[in-house]
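Notes follow once the structure below has been shown.
Derivation of every value follows stated rules applied to the coordinates shown; laboratory data play no part. All figures in this text were calculated on a predicted structure; none of them were measured in a lab. Cβ sites come from the backbone with ideal geometry, for glycine too, and all protein chains shown count toward neighbours.
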Amino acid sequence: MTERKAPFSTAGFARLVERAGKEAGLGFKCHPHMLRHGCGFALINNGADLRSLQLYLGHVSVTHTCRYAQLATGAFDKFWR
């Protein structure tokens, strides 16, 4: 809900995310899809398995989901322990 108690529009939410990125001083334009990527990286870094992440994100092919694992720095540190 917005400050005026109205539902967010897609464009309004995009402006909110962009403004938050500027206020955080990130130095690049932020968009809502970045939240999806951030969630995927957080889940894989916290031990979620690829198949569950694939279903959660709605990827048809696990190949798309593997990108999260390739970039995850510590996702498999405890894999063999």
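Before moving on, here are some points about what is shown:
- The residue that is nearest to Q70 (Cα to Cα), counting only those in the range 25-43 that are aliphatic (A, V, I, L, M) and in contact (Cβ under 8 Å) with a residue 12 or more places away in the chain, is L43.
- Of all residues making up the range 53-64, the number that are part of a helix (DSSP H, G or I), of a type in the set (S, T, N, Q) and surrounded by fewer than 13 Cβ atoms within 10 Å (Cβ to Cβ): 1
- If you go through the range 18-41 and keep only what is hydrophobic (A, V, I, L, M, F, W, C), assigned to a helix (DSSP H, G or I) and over 25 Å from L55 (Cα atoms), you end up with just A20.
- First in the range 1-24 and without any contact (Cβ under 8 Å) to a residue 24 or more places away in the chain and surrounded by 12 or more Cβ atoms within 10 Å (Cβ to Cβ), second anywhere and among the hydrophobic types (A, V, I, L, M, F, W, C) and in a helix (DSSP H, G or I), Cβ under 9 Å, 6 or more apart: F8/L16; V17/M34; V17/L35; G21/M34
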